[in-house]
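Enquirer: The structure under discussion is supplied below as C-alpha cells; questions concerning it will follow.
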Amino acid sequence: MATLGSMPCRQTDSLFDLPFGPSFDATLEERHAALFGGRLAGVDEAGRGPWAGPVVTAAVVLDYRRLPAGLDDSKRLSEVQREALYEEICASACVAVASACPTSIDRDNIRTATLAAMTRAVDALALTAGIVLIDGRDVPPGLAGRGQALVKGDQRCLAVAAASIVAKVTRDRMMRLLDGCCPGYGFSAHKGYGVPAHAQALLRLGPSPHHRLSFKPVAAAGRPE
C-alpha cells in the first residue's frame, strides 16, 4: 500500500487568485503564466459607454520572451502609440477578437453582451487558455477554463493591457469604417461616444442603424426610419 510519502507529487493550480501588485511586474506575471504552460490570457473590452457602434473584446496570450516595449493601459497611450503596439502584439502574441453589435446590446444589455463577447474571444484563441485574467469585477460565464477578475487589470497585468490595446484599436478602426457608411454623425472623430457634436448630429439626423436604441440619449432622439 502506497503511503503519502511514497506517492509522486504533482503540482496543482492554486485554489486562490493569482496575486498581482498595483503596477506591471513582468517577472511575476511570467511566473504565473508558467503555472499554466504559458497559456495565461488577458481579456479587456472597448466601447461599453458609446451611444453607437459595437462593443469590442480582445483576448491575448503573450510570449514573455517577446514582450513589446511600452505595453500599457490603452487609455494612457496616444493613438500613434496604440497603433504601433497593436502591430507588435499581433506579430508576437496569440490574439483573438470578438464583438457585440448594437442589436445584441439592446436585446441583452451592455454588460451581458460584453461578457458574452469576452467568452467568444477566449474561445477563438488558437490555443486553450489555462487561466483568463479579465479586467474589472466580472468573470464571463461559459469560460472553458479558470477565470479571475482583476480590478484595474489593464494597469496591473501586461496581458490585459495588451488586450485593451487590441480591443481599442480594432474598435476605432471599425468606427472609422462606419463613418463612411453613415456620414454626418462624426463617428471617425468621436468613435460613437456622447460628445456634444454627436448629440447635435443625433438631433439633426436621428439614430442610424448603428446606434444603441436602449441608451437614453439615443432613445430620446427617436428611432431610425
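Enquirer: Considering only residues that are out of contact with any strand residue (DSSP E or B) (no Cβ under 6 Å at 6 or more places or on another chain) and charged (D, E, K, R), look in the stretch 109-135 and name the one that is least open to solvent (accessible area, probe 1.4 Å).
Expert: ASP123
Enquirer: Is one or more of the residues making up the stretch 119-132 under 19 Å from PRO19 (Cα atoms) and not hydrophobic (A, V, I, L, M, F, W, C)?
Expert: Scanning the stretch 119-132, I find at least one residue that is under 19 Å from PRO19 (Cα atoms) and not hydrophobic (A, V, I, L, M, F, W, C), so the answer is yes.
Enquirer: Residues that are within 30 Å of ARG31 (Cα to Cα): which helices (runs of 4 or more DSSP H) entirely in the stretch 150-215 hold 1 or more of them?
Expert: By residue number, 158-181.
Enquirer: Another one. What tally of residues in the stretch 153-197 results from selecting those that are among the basic types (Lys, Arg) and free of Cβ contacts under 8 Å to residues at least 24 places away in the same chain?
Expert: Here the count works out to 2.
Enquirer: Shifting gears a bit: Kindly state which strands (runs of 3 or more DSSP E) lie completely within the stretch 1-108 and contain at least 3 residues that are at pLDDT below 95 and open to solvent by 80 Å² or more (accessible area, probe 1.4 Å).
Expert: Fully inside the stretch 1-108 and qualifying: nothing.
Enquirer: Further question on the same structure: Within the stretch 70-122, which residues are of a type in the set (Ser, Thr, Tyr) and more than 17 Å from GLY142 (Cα to Cα)?
Expert: SER74, SER78, TYR86, SER92, THR103, SER104
Enquirer: Turning to a different aspect of this structure: Among the residues of the stretch 159-196, write down those that are among the polar types (S, T, N, Q) and closer than 18 Å to ALA41 by Cβ.
Expert: Within the stretch 159-196, SER164, THR170 qualify.
Enquirer: Considering the stretch 193-223 alone, what residues qualify as being hydroxyl-bearing (Ser, Thr, Tyr) and open to solvent by 30 Å² or more (accessible area, probe 1.4 Å)?
Expert: Once the filter is applied, which keeps residues that are hydroxyl-bearing (Ser, Thr, Tyr) and open to solvent by 30 Å² or more (accessible area, probe 1.4 Å), the stretch 193-223 yields TYR193, SER214.
The values are calculated or read from the model by the stated rules, or taken from the named source; none is laboratory data. From a predicted model like this one, the values you see are computed outputs, not experimental measurements. We place every Cβ from the backbone using ideal geometry, glycine too, and count neighbours over all the protein chains shown. When the accessible area is computed, the model is the full protein with side chains, heavy atoms only, and any ligands, DNA or RNA have been set aside. Shrake-Rupley method; radii C 1.70, N 1.55, O 1.52, S 1.80 Å.
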